[in-house]
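Data block below; observations after.
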Amino acid sequence: MPIEYGMIAWLLNEGGHAVDCEYMKRALALAKKGVGRTHPNPRVGAVVVRDGVIVGEGWHRKAGEPHAEVNALNAAAEKAHGAIIYITLEPCAGHGRTPPCTQAILEAGIQRVVFASSDPNPKMAGGAEILASQGVEVLGGVLADEADALNAAFLHYVKTGMPYVTAKAAISLDGKLATRTHDSQWITGEQARKHAHKMRAESDAIVVGSGTFIHDNPALTVRDARLKGELPLRVVIAKQAPAFFSECKMLDDTAPSRMYVYASNGHEQAWRDAGMDVVQVSDLTTALKHLAQDGCLQLMIEGGGRLHAALFEAKLTQALLLYQAPILIGGVDAVNLWHGLGIEKVSHSPSLMDIQRKKLGDDMMMYGRLVYDAFEAI
């Protein structure tokens, strides 16, 4: 049963009235159009319904542009008066780049507001209470789990100030990223690589360590996938800047590139002169925090094994995306997915939750949320 706070009803479990759920599913479908477009803002969709008919739809297209509610209300025009609006995120009460959506809802004469996720941003939260105080019927929490999953990066950033990190790797059956000679192209087949580029396109930044940067010379661009928004930032994290090499693929003009270094060694200026943004930070955590503050809330870490290990051992990785090929590489000197200290006891193993699997040609994709220390989530 919902708990009543004045005129606001909050659902404690997933669901709601069947009709509310159906319209919220449509709002969620609209919100998904914002994937790869809205950073650092959340992905939000909205549907205006009057007398059982959808009269307006909208979604947030880009930071700085009108929010989903405003787009839906504009589409509905005068039909919004006395209608219901379904929104995947609680209407904002604060004034950011755009006016508060609560104001637009009240001015449109909306009678009832149904939303999924509560807004965790203290600068924008409180919209439900404001609307209820003005006599609008409000229901929150309808399909909240689905909406929260869609905005996992945004919610994680508001809670922690850190980006949402997904570790991505193509691995062999025995968990190797590369052979003892650092050869890794290609472990997986074409279908898996195309899927990986689709996931790249949904990220704000693609990150590698210095080993992958030097041995693989990756371009870190989005290919074989439709890019919806801006090109992801290409990032390398290194203890010190490696010696400059002019054939570096990250120096082309297809996407912006950045190098984080922990200490200066004199090589930084050559990289800057070639067009690489070089930022000195104290450690890995500071580098990630700098990316988040720069609007990169969703990161894809593409190796190598030592960078993955540092993130796993610091519990800074939130999700794992693996493409496993039906091959064996072997060798104690081959590059492991977790090329670091590892854990002491099996009972301390990080585990995957909410697992998704998909066969891609001969390869298997596995994706899940990482939890640490006997299922204690970060």
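The values are calculated or read from the model by the stated rules, or taken from the named source; none is laboratory data. This structure is a prediction, so every number in the text was calculated from the model and none was measured. Counting neighbours? That spans all protein chains shown, and the Cβs are built from the backbone with ideal geometry, glycine included. Calculation scope for accessible area: heavy atoms of the full protein, side chains included, ligands and nucleic acids excluded. Shrake-Rupley method; radii C 1.70, N 1.55, O 1.52, S 1.80 Å.
Leaving out ligands, DNA and RNA, what percent of the accessible area of the chain is carbon and sulfur, probe 1.4 Å? Mind dumping the intermediate values first?
On the way: 9160 of 17920 Å².
Whole-percent figure for carbon plus sulfur exposure: 51.
What FRET efficiency do you get for A63 and K33 if R0 is 25 Å and r is their Cβ-Cβ distance, rounded to the nearest 0.05?
Details: r = 15 Å, r/R0 = 0.59.
Computed FRET efficiency for A63 and K33: 0.95.
Expected output is a single nm value to one decimal: the length gained when fully extending between R223 and A125, i.e. 0.36 nm times separation in residues minus the C-alpha distance. What is it?
Working: separation 98, 0.36 × 98 = 35.28 nm, distance 3.81 nm.
Here the answer is 31.5 nm.
Based on the inverse mean of 1/r over its pairs of different Cα atoms, what is the Kirkwood hydrodynamic radius of the range 111-263, in Å? Kindly include the intermediate steps, with their values, before the conclusion.
On the way: mean 1/r = 0.0527 Å⁻¹.
Mean inverse Cα-Cα distance, inverted, gives 19.0 Å.
Along the charge dipole of the chain, pointing to its positive end and built from +1/-1 on Cβ of Lys, Arg, Asp and Glu, which listed residue (L173, L131, H17) has its Cα farthest out?
Final value for the positive-end residue is L173.
With +1 on the Cβ of every Lys and Arg and -1 on the Cβ of every Asp and Glu, and nothing else charged, how large is the dipole of the range 38-103 about its Cα centre, in debye rounded to the nearest 20? All intermediate terms of the calculation are to be shown ahead of the outcome.
Numbers: 6 positive and 6 negative charges, 41 e Å.
Approximately 200 debye in magnitude.
Taking the range 83-168, which trypsin sites (Lys or Arg not before Pro) meet the DSSP loop condition and have no more than 14 other C-beta atoms within 10 Å?
Values: sites: R97, R112, K123, K159, K168; in loops: R97, K123.
In loop regions of the range 83-168 (DSSP not H, G, I, E or B), the sparsely surrounded trypsin sites (Lys or Arg not before Pro) are R97, K123.
At 0.36 nm per residue, minus the direct Cα-Cα distance, what do V279 and H215 gain on full extension? Give it in nm, one decimal, please. Write out the running numbers ahead of the final one.
Numbers: separation 64, 0.36 × 64 = 23.04 nm, distance 2.18 nm.
Value of the extension gain: 20.9 nm.
List the residues whose amide H sits under 5 Å from the amide H of F115, counting only those 5 or more places along or on another chain, with H placed 1.01 Å from N in the peptide plane.
For F115, the qualifying residues are I87, L139, G140, G141, V142.
Quick one: putting +1 on the C-beta of Lys and Arg, -1 on the C-beta of Asp and Glu, what dipole do you get for the chain around its Cα centre, in Debye to the nearest 20? Before the final figure, lay out the partial values.
Working: 37 positive and 42 negative charges, 126 e Å.
Its charge dipole is roughly 600 debye.
Gap in Å between the Cα centre of the range 40-118 and the Cα centre of the range 270-332?
Comparing the Cα centres of the range 270-332 and the range 40-118, I get a distance of 37 Å.
Among M365, P163, A270, pick out the residue whose Cα is farthest towards the positive end of the charge dipole of the chain, where Lys and Arg carry +1 and Asp and Glu carry -1 on C-beta, about the Cα centre.
With unit charges placed on the Cβ atoms, the residue in question is A270.
Assuming R0 = 35 Å, can you tell me the calculated FRET efficiency for the pair W186 and I343, based on Cβ-Cβ distance, to the nearest 0.05? Write down the numbers at each step before the final one.
Working: r = 30 Å, r/R0 = 0.85.
Given R0 = 35 Å and the Cβ-Cβ separation, E is 0.70.
Want the number for A18 to A149: 0.36 nm per residue separation, take away the alpha-carbon distance, what's left? If you can, show how the numbers build up before the last one.
On the way: separation 131, 0.36 × 131 = 47.16 nm, distance 2.06 nm.
That works out to 45.1 nm of additional length.
Using only Cα atoms, find the angle between the long axis of helix 284-293 and the longest principal axis of the chain, and express it within 0 to 90 degrees, rounded to the nearest 10.
40 degrees
Measure nothing fancy, just the Cα-based angle from helix 18-31's long axis to the longest principal axis of the chain, in degrees from 0 to 90, nearest 10.
Orientation of helix 18-31: about 50 degrees from the principal axis.
Treating the angle as unsigned and between 0 and 90°, give the value, to the nearest 10°, between the Cα long axis of helix 190-201 and the longest Cα principal axis of the chain.
With both axes taken from Cα atoms, the answer is about 60 degrees.
Given the C-alpha centroids of the range 248-269 and the range 169-237, what is the distance between them in whole angstrom?
18 Å
What is the calculated FRET efficiency for F244 to K359, with r their C-beta to C-beta distance and R₀ = 51 Å, to the nearest 0.05?
0.75
How big is the dipole moment of the range 126-206 about its Cα centre under a simple scheme where the beta carbon of each Lys and Arg is +1, that of each Asp and Glu is -1, and everything else is neutral? Debye, nearest 20, please. Don't skip to the answer; put the middle values down first.
On the way: 8 positive and 10 negative charges, 124 e Å.
It comes to approximately 600 debye.
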